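Read through the structure below, which is laid out as C-alpha cells, and then see the notes.
Each value in this text was obtained by applying a stated rule to the coordinates, not by laboratory testing. None of these values were measured; they are calculated from a predicted model. Backbone-built Cβ (ideal geometry, glycine too); neighbour counts: all protein chains shown.
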Amino acid sequence: MIWWALPALAAAAYYLLALIAAARWPRKAAVSAPPVSGISILKPVHGRDPRFYEAIRSHAAQDFPVFEILFGVSSPADPAIQDIDRLRAEFPHIPISLHIVRTTAPNAKAGVLGELARHAQHGILLVNDSDILVEPGYLREVTEPLAEASVGLVTCIYRATADSWPSRMEALGIATEFAPSVLVARLLGVAEFALGSTMAFRAAVLAEIGGFAAIQEYLADDYQLGRHISAHGYKIRFAASVVETSLGAQTWPATWRHQLRWSRTIRVSRFSGYCGYVVTHATLWGLVALAAGQWPAAVAAIGLRMAAGIWVAGPILRDWRSAGAWPLIPFRDLFGFAVWAAGLAGNTVDWRGQKLLLQADGKIRTA
C-alpha cells in the first residue's frame, strides 16, 4: 500500500518547490527613468468584457512620457466602441486610435494585432487582453527590462475578480493552482512562454520572428509569441507588476467550457508539460494516500498545497479574496482534475462563439 503514497509525496515536493519559488519571486522595486522610445499599446477588442472601461482607463491614466493606444475591432457595430470614444473624450491629450480590421487569419486576434502593429508609431509594443486592469507605474515596470538587449519579451502574472460562485472558483484556481505553476516553471528554468495578461517587446524583435503572421494560425498566441521570441535567443522576463482580469458572472457550464478550452490548448501546445501536470493534483493524491492508510503523505501533500496556494494568492498576487477562501481549495482541486482529465481527449474548443478544431501542432481551423 505504500506505493499509493508516492503520488502524494510527488505532489508535496511540487508544492514545496512552489513555496521556494514564491520566496524568490521578485518584489516591486524603484524603477529608473523610462526608456527613450515611446510605447504603442495594442488592444484587440471583441465586445465589452466585464469592467472594460475601467480596464482601458487604467492604461490611459499611466504616468509615462510618450505612449499611444491603438484599439482594433472587427465590426463597426462592436459595443466596445462607445467606451473607446468615451476614453478619447476623457483623455484628449493621449493619442488613442480606433481601427476597424477585417482579417481572414485563423486566429482573428493575431490578425488584428498584425494590422495594429503596422500603424504603431513607437519602438516598444505592448499587448494585453482587453479586460486587463493595471496599476499606476505599470508601463515603467514592464518596459524597464527591455533596456537589456538580451531580453526579448516581458510578461506578468495576474489575479482575477469574479461576480458569481462559478467564476469565483475559477479565480481561486488561477490564484492557487495556475499562478504557482508559473512560479515553479520559472524556478525550474522553463522560460519560453508568455502570458496574455502582458506582453511587452521591441518592434524590431517582432519583425525578426516574422511579425504576428508567424503566430496567426495558433490558438495560444501568447504562448507562441513567447516561444518564437525565445527560439531566437532572447530571454523572457517577468515584471514584478501584477495585473488583474475580470471573469464577470459566469455560469458553471461557461466556466467548464472556458477551463476545457484552456486545458486542450495547453495540451496541444506542450503535451509533455500537460501530462506532467498530473502531479500537481495534490488533493486527489492526498485522498488516495489517505484511503491507503498513508496519512503522513496525505498531510504533507494537502498541507503544502494549501500553504503554497495561500502564499501565492495573498502576498504575491494580493488576491486576498482567494487567499481567504482557502477552505474551498480542495473542492476547486477536484474540479480542476476533472477538467484536466477531460482535456486529455478531444480536439474542439469554443472560442467567442466559434467552434474551432485544434490540430496536433497547436494550429487551428474552423470545425
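If only residues of the range 241-267 that are surrounded by 19 or more Cβ atoms within 10 Å (Cβ to Cβ) and among the small types (Gly, Ala, Ser) are counted, the one that is nearest to residue 206 (Cα to Cα) is 241.
Only one of 167, 246 is of a type in the set (Gly, Ala, Ser) and either within 15 Å of residue 127 (Cα to Cα) or touching a Lys or Arg at 6+ places or on another chain (Cβ under 9 Å) (or both). Can you tell me which? Reasoning before the result, please.
Numbers: 167 fails: either within 15 Å of residue 127 (Cα to Cα) or touching a Lys or Arg at 6+ places or on another chain (Cβ under 9 Å) (or both).
Within the list 167, 246, the selection yields 246.
Taking every residue in the range 1-23 that is in contact (Cβ under 8 Å) with a residue 40 or more places away in the chain and pairing it with any residue that is of a type outside the set (A, V, I, L, M) and in a helix (DSSP H, G or I), at least 6 positions away or on another chain, the pairs with Cβ-Cβ distances below 6 Å are 7/285; 8/285; 8/286; 11/285; 14/280; 15/305; 18/180; 22/311. All told, residue 200 meets the bar of being more than 23 Å from residue 333 (Cβ to Cβ), part of a strand (DSSP E or B) and either among the small types (Gly, Ala, Ser) or in contact with a strand residue (DSSP E or B) (Cβ under 6 Å, 6 or more places away or on another chain) (or both).
Just need a number here: residues in the range 287-305 that are surrounded by 19 or more Cβ atoms within 10 Å (Cβ to Cβ) and within 30 Å of residue 195 (Cα to Cα). Residues meeting the conditions: 4.
Which of the helices (runs of 4 or more DSSP H) contained wholly in the range 211-291 include at least 2 residues that are free of Cβ contacts under 8 Å to residues at least 24 places away in the same chain and at positive phi? Spell out how you get there, then give the answer.
Values: elements: 221-231, 252-269, 271-276, 282-291.
Where helices (runs of 4 or more DSSP H) fall fully within the range 211-291, none carries at least 2 residues being free of Cβ contacts under 8 Å to residues at least 24 places away in the same chain and at positive phi.
Against the condition in contact with a strand residue (DSSP E or B) (Cβ under 9 Å, 6 or more places away or on another chain) and not hydroxyl-bearing (Ser, Thr, Tyr), how does residue 110 come out, does it pass? Considered against the rule, which asks whether it is in contact with a strand residue (DSSP E or B) (Cβ under 9 Å, 6 or more places away or on another chain) and not hydroxyl-bearing (Ser, Thr, Tyr), residue 110 comes out as yes. Just so you know, in the range 62-80 the residues that are more than 16 Å from residue 124 (Cβ to Cβ) and either without any contact (Cβ under 8 Å) to a residue 24 or more places away in the chain or polar (S, T, N, Q) (or both) include one that is surrounded by the most Cβ atoms within 10 Å (Cβ to Cβ), and it is 74.
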